[in-house]
Amino acid sequence: MFVSENLGVNEKGHLTVGGIDTVELAAQYGTPLYVMDEQMVRKNLRRFHESMQKYYNGRGYVHYASKAFCCKEICRIVASEGDGLDAVSIGELYTAVSADFPMEKVGFHGNNKTDEELRYALENGVGHIIVDNLPELRRLEALAEKMGKTPHIMFRIKPGIDAHTHKAVLTGQIDSKFGFALETGEAFEAVKEAVACKFVKLVGLHCHIGSQIFDIDPFEAAAGVMLDFIAKIKNELGYEVKGLNLGGGFGIKYLNEHDPAPFEEYLRRVSAVVEKKCAELGIAQPEMYIEPGRSIAAPAGITLYTVGARKEIPGIRTYISVDGGMPDNPRYILYQSEYEAVVANKAGEERTEKVTIAGKCCESGDLIGENMPLQHADSGDILAVLATGAYNYSMSSNYNRIPKPAVVFINNGESRVAVKRETPEDIIRNDV
Ligand code: LLP
């Protein structure tokens with residue numbers, strides 16, 4: 001009925017998440033409110049790591065891409081599932097450290113890491129650093145020498161895969177700020193330099209071909225290209241690259257008409273390609289890493305708002321204004337992303353209208369969506385926007401000095417605050 005499988009309607013006609021009445025959650029914690037379903041996060045993680053066990057003989061690792069949704073609580077959940085983390089800034093690393101995350105299971109990303117970040121990663125024993133460019137490699141080597149460390153690194157490679165076409169097209173993706181290009185020979189030259197380093201140790205290659213991808217073909221193509229490169233390194237340099245990190249990007253259902261491939265199917269097909277290709281190339285099967293972010297967090301989250309003004313502009317549109325907007329969900333203004341919305345206290349009713357849901361910022365583009373099918377919404381109703389668990393809280397801002405909503409986790413019929421609601425005092429905390 002709804003885009004995420006953990007949503008339903010109770011006897012009061014209210015939307016439920018993980019069996020809990022969302023109208024009651026709104027009353028208890030206030031709005032706007034991010035709600036995350038712990039069981040759903042766990043289930044999504046398990047879908048990936050169990051498929052890895054099944055199809056890749058357990059020689060694969062799931063690193064949750066924490067940029068999708070990061071706070072201490074989700075780090076604890078990921079750790080308790082035995083999975084790793086992809087972190088991309090000192091803030092994400094610090095969150096993981098603060099949550100006692102096993103840092104040897106963390107991969108540290110970024111196309112322009114600062115010295116402070118690299119130092120922090122080394123001090124805290126990050127499992128591997130995904131190096132993006134030569135200046136970074138050189139800075140890291142110097143830092144490692146100074147600190148007496150021998151960091152394991154992977155190289156971020158641009159495999160030249162166009163993830164947005166139906167059939168993977170092997171064209172120039174050189175125009176990207178991330179990683180080393182294969183086509184120009186840049187990646188091979190960099191590998192030569194890394195292999196000669198005294199302190200850093202090249203243990204893997206990494207690629208990430210995009211996000212919200214529904215099709216498996218481009219992932220298979222990327223795996224193939226990366227394995228060809230691993231074989232070239234072995235044949236020409238006599239160096240064995242042991243790890244292959246294929247990044248994240250698995251699409252999810254935001255609308256009922258979306259039809260992403262099941263995660264299990266992704267791992268089945270990609271594992272088959274890796275096994276076949278390694279046999280053909282005469283190379284050992286690498287340890288495989290994947291970095292799902294959205295597919296873990298997005299379906300587990302919803303956002304609750306209180307409806308304020310309703311404005312009907314005859315012949316034009318109806319605006320439903322809510323007490324949040326682009327500060328808690330910037331994805332419409334940035335990407336015109338579509339969401340399913342429900343009036344939580346009328347969830348059992350038909351959606352009879354098509355409305356524009358607007359936020360409260362002084363900005364016309366501050367919308368949650370346009371042309372959204374919805375039950376008749378009035379002032380005081382609770383509005384739920386679905387599948388907002390990824391890239392909503394993590395991309396939220398304080399635009400207009402609006403305090404950020406709280407994050408509540410639900411689990412087995414109970415709820416708890418994982419991130420407190422910001423207050424106006426938080427807004428001026430760093431002002432002098
Ligand atoms: N690994 C790397 C190196 C990445 O850059 C990303 C996402 C991921 C993994 C996780 O990808 P996922 O499984 O979540 O698709 N803000 C955008 C999405 C940006 C994704 C950036 N990188 C959005 O709201 O759609």
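Any residue that is under 26 Å from residue 279 (Cα atoms), without any contact (Cβ under 8 Å) to a residue 12 or more places away in the chain and either within 16 Å of the ligand (Cβ to nearest atom) or open to solvent by 20 Å² or more (accessible area, probe 1.4 Å) (or both) - is there at least one of those in the stretch 172-188?
yes
Quick check on the stretch 317-358: of everything there that is polar (S, T, N, Q) and part of a strand (DSSP E or B), which residue is nearest to the ligand (Cβ to nearest atom)?
Taking the stretch 317-358 first, the residues polar (S, T, N, Q) are 318, 321, 329, 336-337, 345, 352, 356.
If we keep only those that are part of a strand (DSSP E or B) too, we end up with 318, 321, 356.
Details: 318: 27, 321: 23, 356: 20 Å.
Within the stretch 317-358, the match that is nearest to the ligand (Cβ to nearest atom) is 356.
Between residues in the stretch 64-80 that are among the acidic types (Asp, Glu) and residues that are outside any helix (DSSP H, G or I), which pairs lie under 7 Å by C-beta distance while being six or more apart or on different chains?
Here the result reads 73/409; 73/418, each pair linking the stretch 64-80 to a residue that is outside any helix (DSSP H, G or I).
Table: residues versus (1) away from the ligand (no atom under 16 Å from the Cβ); (2) at negative phi.
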position: 194; (1), (2): yes, yes
position: 207; (1), (2): no, yes
position: 226; (1), (2): no, yes
position: 249; (1), (2): no, no
position: 277; (1), (2): yes, yes
position: 284; (1), (2): yes, yes
position: 296; (1), (2): no, yes
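Got a sec? Which strands (runs of 3 or more DSSP E) wholly within the stretch 220-316 have at least 1 residues that are open to solvent by 10 Å² or more (accessible area, probe 1.4 Å), touching a strand residue (DSSP E or B) at 6+ places or on another chain (Cβ under 9 Å) and in contact (Cβ under 8 Å) with a residue 12 or more places away in the chain?
On the way: elements: 243-245, 287-290, 301-313.
Result: 287-290, 301-313.
What is the number of the single condition among (1) open to solvent by less than 10 Å² (accessible area, probe 1.4 Å); (2) within 16 Å of the ligand (Cβ to nearest atom) that residue 47 does not meet?
(1)
Pairs, please: C-beta under 8 Å, at least 6 apart or cross-chain, first residue away from the ligand (no atom under 16 Å from the Cβ) and in the stretch 130-145, second assigned to a helix (DSSP H, G or I) and hydrophobic (A, V, I, L, M, F, W, C)?
These pairs meet every condition: 134/190; 137/190; 137/194; 139/118; 140/118; 143/118; 143/122; 144/122.
Please list, ordered by first then second residue, the pairs with beta carbon atoms under 8 Å, 6 or more apart or interchain, first in the stretch 108-124 and touching a residue at least 12 places away in the same chain (Cβ under 8 Å) and on the phi > 0 side of the Ramachandran plot, second in a loop (DSSP other than H, G, I, E, B) and within 16 Å of the ligand (Cβ to nearest atom).
110/88; 110/89; 110/132
Go through the residues of the stretch 377-391 one by one and say whether even a single one is open to solvent by 30 Å² or more (accessible area, probe 1.4 Å), within 25 Å of the chain's Cα centre (by Cα) and farther than 19 Å from residue 30 by Cα.
Within the stretch 377-391, one or more residues are open to solvent by 30 Å² or more (accessible area, probe 1.4 Å), within 25 Å of the chain's Cα centre (by Cα) and farther than 19 Å from residue 30 by Cα.
Conditions: (1) outside any helix (DSSP H, G or I); (2) modelled with pLDDT of 95 or more; (3) more than 19 Å from the chain's Cα centre (by Cα). Residue 27 meets all but one. Number of the miss?
Every listed condition holds for residue 27 apart from (1).
The values are calculated or read from the model by the stated rules, or taken from the named source; none is laboratory data. As the structure is a prediction and not an experimental result, all values here were calculated from the model. Glycine also receives a Cβ, built like all others from the backbone with ideal geometry; neighbour counts cover every protein chain displayed. What goes into the accessible areas is simple: the full protein's heavy atoms, side chains included, and nothing from ligands, DNA or RNA. Shrake-Rupley method; radii C 1.70, N 1.55, O 1.52, S 1.80 Å.
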